[in-house]
Amino acid sequence: MQELYHKTITDLVSENFVRASTLYYFGVKFYDYREETLEQVCLEKGLNITTVLSSMESVNKEDVSQNVQLMAYPVDLVIEYLKHSHFIFVKKRLPYIGQLIDGLADVNFRYSSLSKDLKAVFPLFVEDFIEHIYEEEDILFAYIGSLSKFLSGDKPASNVYYGMEKNSIQEFALDHGEHENEMEGLSKITNGYAYCDEADLHIKVLFKELARLENDLKIHAKVEDNILFPKSLQLERLVKLRFHELAKLN
Ligand SMILES: [Fe+2]
Ligand SMILES: [Fe+2]
């Protein structure tokens, strides 16, 4: 790893665009330090270079390949996992991309028109996305949580009965499918995040990051569609059965 100490920030980021995101989380905008070496930047910012480098390594492994295991988890854990990824999207990924877009015109006047479009469209996407997340957490996850608590005896029947009158997993699932590609607008104005070799490094980093976000959001939605919804449909069915049994007893 020592050989990375003396590389310039531009070289480090050009080799692997995702490194720019690690630098951002350490408070370094890569385009402000293009010609400085990693060692110089760390010294200037009072950062521990080994920590920065090991974070750069681990960001590549931050894969979503653990999804396969999620199928085996109980629904409450799947919800915890989804909430955690919502948190990462909102607190880390989106602010980072927002910052890349903000910095676009400052560093390169050639992109002033694209930067204007992105500045208009990105906040709209963020708004829709946050609304989507709130709806999931406040209504859907809360409803599923109440089903599961009822089955484990932690919630009174009346409470859940009222919730079931208002909600249906099937409707949530259908509605969810309709919001398939949230990033359509962004994909359109960037021509599918395509750039040429000569493009400015800033554009490459930004487009790569947008494509990565789109991919991760698709994976996230798949976990909801293929794991969360089937599991909670089953849960809902069990609760209905339990109600039938209770009704027979009365
Ligand atoms: Fe979600
Ligand atoms: Fe979703």
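The values are calculated or read from the model by the stated rules, or taken from the named source; none is laboratory data. The model shown is predicted, which means the values in this text are computed figures rather than measured ones. Glycine gets a Cβ as well: all are built from the backbone with ideal geometry, and neighbour counts include every protein chain shown.
Among the residues of segment 175-217, what is the count of those that are surrounded by 14 or more Cβ atoms within 10 Å (Cβ to Cβ) and within 15 Å of ligand 1 (Cβ to nearest atom)? Summing the residues that are surrounded by 14 or more Cβ atoms within 10 Å (Cβ to Cβ) and within 15 Å of ligand 1 (Cβ to nearest atom) in segment 175-217 gives 7. Remark: Leu140 falls outside the filter, which requires a residue to be in the same structural domain as Lys240 (by TED's automatic domain parsing), closer than 20 Å to Gln234 by Cβ and exposed (fewer than 14 other Cβ atoms within 10 Å of the Cβ).
In segment 197-213, the qualifying residues are those that are at pLDDT 95 or above and touching a helix residue (DSSP H, G or I) at 6+ places or on another chain (Cβ under 7 Å), and the one that is nearest to ligand 2 (Cβ to nearest atom) is Leu213. State whether one or more residues within segment 143-162 are at positive phi and away from ligand 1 (no atom under 15 Å from the Cβ). Yes, some residue in segment 143-162 is at positive phi and away from ligand 1 (no atom under 15 Å from the Cβ). Between a first residue in segment 182-195 that is aliphatic (A, V, I, L, M) and a second residue that is assigned to a loop (DSSP other than H, G, I, E, B), which pairs have beta carbons less than 9 Å apart while being 6 or more apart in sequence or on different chains? Filtered contacts from segment 182-195: Leu186/Tyr193. Screening Val121 against (1) touching a Gly at 6+ places or on another chain (Cβ under 7 Å); (2) surrounded by 18 or more Cβ atoms within 10 Å (Cβ to Cβ) leaves a single unmet condition, (2).
Let's see how each residue does on (1) assigned to a helix (DSSP H, G or I); (2) closer than 20 Å to Pro230 by Cβ; (3) modelled with pLDDT of 90 or more:
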{"position": "Arg110", "(1), (2), (3)": "yes, no, no"}
{"position": "Leu118", "(1), (2), (3)": "yes, no, yes"}
{"position": "Phe129", "(1), (2), (3)": "yes, no, yes"}
{"position": "Ile133", "(1), (2), (3)": "yes, no, yes"}
{"position": "Ile144", "(1), (2), (3)": "yes, yes, yes"}
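Residue check: Lys91 meets all listed conditions (1) surrounded by 16 or more Cβ atoms within 10 Å (Cβ to Cβ); (2) under 24 Å from Ala120 (Cα atoms); (3) among the basic types (Lys, Arg) but one, namely (1). Scanning segment 5-26 for residues that are in contact with an Asp or Glu (Cβ under 9 Å, 6 or more places away or on another chain) and hydrophobic (A, V, I, L, M, F, W, C), which turns out surrounded by the fewest Cβ atoms within 10 Å (Cβ to Cβ)? Within segment 5-26, the match that is surrounded by the fewest Cβ atoms within 10 Å (Cβ to Cβ) is Val18.
If I filter segment 218-235 for residues that are of a type outside the set (S, T, N, Q) and away from ligand 1 (no atom under 16 Å from the Cβ), do I get at least one hit? The answer is yes; a qualifying residue exists.
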